[in-house]
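The values are calculated or read from the model by the stated rules, or taken from the named source; none is laboratory data. Just so we're clear, the structure is a prediction, and the values are computed from it rather than from any experiment. As a convention, Cβ positions derive from the backbone with ideal geometry for all residues, glycine included, and neighbour counts pool all protein chains shown.
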Amino acid sequence: MKNEKMLLYVQTSDNPERQYSPLVLAQTAKAMELEPVVYYLGAGLRILKPGAAENIKLGNFPSVKEMLEKTIQMGIKVYVCEASKQMLGWDKVELVPGVKIVGASTLNDLVLDAGGTLWF
């Protein structure tokens, strides 16, 4: 059954300019009393390795690391695709604290349940 309050933001890129939108939108959705979820897929996982997000700071925005930390502190779920982790050859990898590694079926379930889905 659809949860019209849930919004799913899927990050597929490691391009620095594309990192802010899903995090800003998820934080905004939370402030609007919606239920945002951020899901990292494919090359997007590279941003979640310790040290990567610290090196991205554009304009007057905080670093992507700070944005990720705030997103997680706000209680927004941040999921990481296990199949993408395997695709990148990461059998054992350390990721930023607070993210949860989930199976590919989780993304399908989230898409089916979400009131809206945006891909980055």
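Consider the range 1-20. How many of its residues are modelled with pLDDT of 95 or more and within 23 Å of residue 104 (Cβ to Cβ)? Qualifying residue count, the range 1-20: 13. Within the range 27-72, the set of residues being within 20 Å of residue 111 (Cα to Cα) and modelled with pLDDT under 95 is empty. The single residue among 92, 77 that is basic (Lys, Arg) and in contact (Cβ under 8 Å) with a residue 12 or more places away in the chain turns out to be 77. Residue 111 passes every criterion in (1) in contact with a helix residue (DSSP H, G or I) (Cβ under 9 Å, 6 or more places away or on another chain); (2) farther than 16 Å from residue 20 by Cα apart from (1). Of the helices (runs of 4 or more DSSP H) entirely within the range 45-120, those holding at least 3 residues that are β-branched (Val, Ile, Thr) and surrounded by 15 or more Cβ atoms within 10 Å (Cβ to Cβ) occupy 64-73. No other residue among 13, 63 is on the phi < 0 side of the Ramachandran plot, of a type in the set (S, T, N, Q) and touching an Asp or Glu at 6+ places or on another chain (Cβ under 9 Å) apart from 63.
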